[in-house]
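The values are calculated or read from the model by the stated rules, or taken from the named source; none is laboratory data. Remember, predicted model here, so these are calculated numbers, not experimental data. Because the Cβ atoms are built from the backbone with ideal geometry, glycine has one as well, and the counts that use them run over all protein chains shown. We work out accessible area using only protein heavy atoms, side chains counted, and drop any ligands, DNA or RNA first. Shrake-Rupley method; radii C 1.70, N 1.55, O 1.52, S 1.80 Å.
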Amino acid sequence: MADLLGATNPVPGYNTSVSDRNIPASPNNTQLQNIPDPNKVVGADGRTERQDTGQFGESGQIRYDSNYQNFIQQLRQNQDLSRVLSRLMGKEGTVVMSGMSQGIAEEMAKAMEMLKMDESQLLNFLRGQMEAGTRFNGALFALLRNAYARAGSAGVRADILNFLRSYSDFAATSHIEGNLLRNMEGMAKNMPASWGDQLRQLLAQLQNGVAAGDRRGNLALLQQKVFPFMSEYVGQTHDLGTSRGLLSLLTLDVARYENGSAERLLESFHQLSGYVTLRELLGNIDDESLLMLLKNSQFNQNSPAALFADHLAAAAARALRGEGNAEVQQIFRQLVAAMLVNESVYMPVNHLLIPMELDGRRLFSELWVDADAEKKNGQGQGERCLKLLFKVDVQELGLFDIILTSREKEVDIHISCPPRVSEFSGEIETTLSQILLRNNLTPGGISVRRMERPVTLTEVFPKIFEGKNSVNVKV
């Protein structure tokens with residue numbers, strides 16, 4: 001999906017995590033075992049690298065010595081996404097809207113118009129998010145997953161990852177091209193006018209090349225003209241500021257742009273076909289059919305979920321560029337931070353956003369899904385189950401925490417609700433049991449209780465404390 005909701009799967013080869021995603025720890029959770037103190041990381045030699053100043057060190061610079069620890073801190077500091085959206089689009093939104101620029105207000109109005117959904121539209125909205133969050137879907141990628149799991153050779157695995165990396169860059173072509181254009185424009189703005197005007201001329205050529213779909217010509221322009229020009233600029237002016245920083249980002253995007261070309265993608269696929277075991281599985285698919293198959297595997301960018309995310313992302317981009325008053329900018333910073341944390345490579349569970357308008361009330365809900373959770377049986381042994389956490393913010397009622405665990409046909413539901421709802425807990429429990437029975441499911445533990453405090457992700461998904469999925473990456 002779009003940048004905000006379209007959390008794509010981590011690209012193999014671009015991170016060193018042993019699992020796709022890993023959830024952070026709550027500093028107040030007593031189950032924390034693998035990190036003695038959430039404010040510090042203990043190394044194997046007993047040394048600690050303190051993060052007391054948040055994600056910034058005493059010098060004010062971002063600390064990169066512990067990505068995982070920094071992620072933990074960010075999760076602790078961020079607000080619930082549903083509450084942030086409620087401030088933007090709920091009752092409080094009428095106050096916030098007054099501080100928005102015209103451009104932000106227009107994008108938010110388009111996003112809020114899409115909240116009016118019936119049951120079938122909501123299902124399509126959720127399906128769109130799931131498709132956007134799983135870039136590697138379809139029969140081909142299922143086959144490659146199976147081949148990777150069974151591969152006895154490190155070479156086979158490396159070539160499968162190389163193909164996936166190339167496909168990821170191929171699928172992200174429009175996003176990468178957008179980055180190239182934005183970064184060049186930013187570089188030009190932060191250079192003296194005489195240099196900036198020359199770079200804008202090159203930018204105009206790149207814009208024409210992007211519109212024409214001339215990837216090869218664009219790469220030649222970037223490598224043979226833009227980089228030499230910037231090298232000369234830095235050499236003469238010794239500018240190590242914003243333009244130099246954006247040049248580093250441009251270099252990374254150019255590498256991805258080249259790696260995502262159709263030629264590079266086909267080359268990596270032909271490498272896979274060189275293995276006898278894979279050739280038998282892949283069959284005799286030709287290059288044209290492969291490219292068509294891969295293009296069809298990409299998610300629908302015109303789906304309701306993608307369009308909602310596009311409008312939300314456009315509004316956030318305007319706010320982060322300085323539009324609107326200070327309150328509006330702060331809310332959008334919280335929105336973007338919450339999105340990035342929930343889609344981090346350290347998060348082992350899927351995250352979905354469910355905004356909708358029902359009977360004139362706007363509901364802002366988040367859903368986390370762990371399809372490989374563990375539940376203790378009567379003998380104290382762990383059994384695989386599906387676990388879901390809903391956080392629902394209902395206007396005029398308040399926040400609900402709903403934890404659902406399903407193993408085969410047995411379903412447990414535990415609800416923490418606002419005081420005015422807890423008065424009807426007995427009736428709600430009876431109704432939930434009846435709903436499960438009507439759908440041929442077995443009610444397990446069904447409870448509705450007054451909320452004392454919101455639950456944390458780490459309380460619902462405690463496996464993150466076992467160390468099986470956690471990685472403390474240092475760069």
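May I ask you to list the residues in the range 190-204 that are open to solvent by 30 Å² or more (accessible area, probe 1.4 Å) and either closer than 20 Å to Leu252 by Cβ or in contact (Cβ under 8 Å) with a residue 60 or more places away in the chain (or both)?
Asn190
Taking first residues from the range 156-168 that are without any contact (Cβ under 8 Å) to a residue 40 or more places away in the chain and partners that are assigned to a helix (DSSP H, G or I) and open to solvent by 10 Å² or more (accessible area, probe 1.4 Å), the Cβ contacts under 7 Å between residues at least 6 apart in sequence or on separate chains come to Arg157/Tyr148. The set of residues in the range 173-186 that are in contact with a Phe, Trp or Tyr (Cβ under 9 Å, 6 or more places away or on another chain) and open to solvent by less than 20 Å² (accessible area, probe 1.4 Å) comprises Ile176, Leu180. Would you check if there is a residue in the range 87-104 being modelled with pLDDT of 75 or more, among the small types (Gly, Ala, Ser) and within 22 Å of the chain's Cα centre (by Cα)? Within the range 87-104, none of the residues are modelled with pLDDT of 75 or more, among the small types (Gly, Ala, Ser) and within 22 Å of the chain's Cα centre (by Cα).
For first residues located in the range 205-217 and closer than 14 Å to Gly178 by Cα, partners that are among the acidic types (Asp, Glu) and lie 6+ apart or on another chain with Cβ distances below 7 Å form the pairs Val210/Glu177.
What are the residues in the range 429-447 that are open to solvent by 50 Å² or more (accessible area, probe 1.4 Å) and without any contact (Cβ under 8 Å) to a residue 24 or more places away in the chain, if any?
Thr430, Thr431, Gln434, Ile435, Leu437, Arg438, Asn439
Applying the condition of being surrounded by 12 or more Cβ atoms within 10 Å (Cβ to Cβ) and either hydroxyl-bearing (Ser, Thr, Tyr) or touching a Gly at 6+ places or on another chain (Cβ under 7 Å) (or both) to the range 238-258 and asking which residue is nearest to Arg165 (Cα to Cα) yields Tyr257.
The criterion of at least 2 residues that are under 23 Å from Pro348 (Cα atoms) and over 24 Å from the mean Cα position of the chain (by Cα) is met, among strands (runs of 3 or more DSSP E) falling completely within the range 371-460, by 382-394, 398-407, 410-417.
Let's see how each residue does on (1) farther than 30 Å from Phe364 by Cα; (2) at pLDDT 80 or above; (3) out of contact with any Asp or Glu (no Cβ under 7 Å at 6 or more places or on another chain); (4) part of a helix (DSSP H, G or I):
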| site | (1), (2), (3), (4) |
| --- | --- |
| Glu106 | no, yes, yes, yes |
| Asn124 | no, no, yes, yes |
| Met130 | no, no, yes, yes |
| Phe141 | yes, yes, yes, yes |
| Ala158 | yes, yes, yes, yes |
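Residues in the range 108-118 that are touching a helix residue (DSSP H, G or I) at 6+ places or on another chain (Cβ under 6 Å) and part of a helix (DSSP H, G or I): Met108, Lys110, Ala111, Met112.
For Gly235, the conditions (1) in contact (Cβ under 8 Å) with a residue 12 or more places away in the chain; (2) open to solvent by 20 Å² or more (accessible area, probe 1.4 Å); (3) of a type in the set (Gly, Ala, Ser) all hold with the exception of (1).
Within the option set Ser273, Ser268, being open to solvent by less than 60 Å² (accessible area, probe 1.4 Å), closer than 16 Å to Ser166 by Cβ, without any contact (Cβ under 8 Å) to a residue 24 or more places away in the chain and not hydrophobic (A, V, I, L, M, F, W, C) holds for one residue only, Ser273.
When the criteria are applied in full, Glu177 fails the requirement of being out of contact with any Ser or Thr (no Cβ under 6 Å at 6 or more places or on another chain) and free of Cβ contacts under 8 Å to residues at least 24 places away in the same chain. State all residues of the range 145-172 that are surrounded by fewer than 19 Cβ atoms within 10 Å (Cβ to Cβ) and of a type in the set (Gly, Ala, Ser); if no residue qualifies, say none. Residues satisfying the conditions are Ala147, Ala149, Ala151, Gly152, Ser153, Ala154, Gly155, Ala158.
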